[in-house]
Amino acid sequence: GKVEIKDARLTDLNILKTVLDKISMLPNVVEKIESNLPEKYKEKLKQKDTVFNEINLDTKIANGAIMIKDAQLSTDEFILSGKGQIGFDQTITLEAALAIPVDLSASMAAAVPEFQYILDTDKQIRIPVRVSGQFPAISVMPDLEYLGKRIISNKGKEELQKVLEKVFEKD
């Protein structure tokens with residue numbers, strides 16, 4: 001079946017702030033970002049809850065769980081898309097990607113230069129995450145290996161480009 005929920009709230013968990021806090025390879029990410037954000041986003045980042053504009057789930061029930069074939073959870077500051085399952089014991093496992101809108105991504109990349117290396121082709125920050133746990137104690141963990149590889153790879157390309165430009169610079 002399909003489930004659509006409007007104006008939902010996940011209490012005591014600000015998903016975006018949690019994901020940013022857990023990007024341990026970049027110290028003080030949240031503080032750096034907060035100082036550079038438009039006011040509407042500063043307030044959202046300070047909230048203790050996550051307020052969803054809309055939640056859309058394409059589901060089926062199998063093997064004692066609700067299988068989520070496709071999930072789209074949207075807020076003003078991100079869209080979380082993924083798939084996974086919710087057990088009847090309220091245990092959730094969701095493999096997802098957190099996509100941040102272009103304007104917020106630009107502000108975040110301006111505040112934390114390393115974020116420019118994780119922008120996708122649409123100029124959005126996209127962070128793979130794993131949502132797991134038992135309600136209400138849910139954990140949201142970014143894929144740090146993916147982020148590290150992406151930052152190092154793109155920074156390396158930029159540095160190599162600079163070296164090549166110097167080597168082949170014409171007088």
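The values are calculated or read from the model by the stated rules, or taken from the named source; none is laboratory data. Remember, predicted model here, so these are calculated numbers, not experimental data. Cβ placement follows ideal geometry from the backbone for every residue including glycine, while neighbour counts extend to all protein chains displayed. What goes into the accessible areas is simple: the full protein's heavy atoms, side chains included, and nothing from ligands, DNA or RNA. Shrake-Rupley method; radii C 1.70, N 1.55, O 1.52, S 1.80 Å.
Residues are listed down the side, and each one gets a yes or a no for (1) in contact with a Ser or Thr (Cβ under 7 Å, 6 or more places away or on another chain); (2) modelled with pLDDT of 85 or more; (3) not in a strand (DSSP E or B):
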position	(1), (2), (3)
E43	no, no, yes
L57	no, yes, no
K69	yes, yes, no
E77	no, yes, yes
D103	no, yes, yes
A106	no, yes, yes
S132	yes, yes, no
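Inspect all residues belonging to the stretch 69-88 and state whether any of them is crowded, with 18+ Cβ neighbours inside 10 Å and either more than 22 Å from L13 (Cα to Cα) or free of Cβ contacts under 8 Å to residues at least 12 places away in the same chain (or both). So far as the stretch 69-88 goes, no, none of its residues is crowded, with 18+ Cβ neighbours inside 10 Å and either more than 22 Å from L13 (Cα to Cα) or free of Cβ contacts under 8 Å to residues at least 12 places away in the same chain (or both).
Among residues belonging to the stretch 69-97 that are within 14 Å of I138 (Cβ to Cβ) and of a type in the set (A, V, I, L, M), point out the one that is nearest to the chain's Cα centre (by Cα). Of everything passing the filter in the stretch 69-97, L80 is nearest to the chain's Cα centre (by Cα). A search for C-beta distances below 8 Å between a residue of the stretch 115-132 that is farther than 15 Å from V29 by Cβ and free of Cβ contacts under 8 Å to residues at least 24 places away in the same chain and any residue that is open to solvent by 40 Å² or more (accessible area, probe 1.4 Å) and of a type in the set (D, E, K, R), counting only pairs 6+ apart in sequence or on different chains, returns D120/R126. With respect to S139, determine if the residue is modelled with pLDDT under 85, in a strand (DSSP E or B) and either open to solvent by less than 70 Å² (accessible area, probe 1.4 Å) or charged (D, E, K, R) (or both). So S139 fits the description; yes.
Scanning the stretch 79-101 for residues that are in a loop (DSSP other than H, G, I, E, B) and of a type in the set (D, E) returns a single hit, D89. Among residues belonging to the stretch 118-135 that are farther than 18 Å from T75 by Cβ, of a type outside the set (D, E) and open to solvent by 20 Å² or more (accessible area, probe 1.4 Å), point out the one that is nearest to the chain's Cα centre (by Cα). Selected residue: R130.
What is the residue count in the stretch 126-145 for residues that are in contact with a strand residue (DSSP E or B) (Cβ under 8 Å, 6 or more places away or on another chain) and over 15 Å from I15 (Cα atoms)? Residues meeting the conditions: 1.
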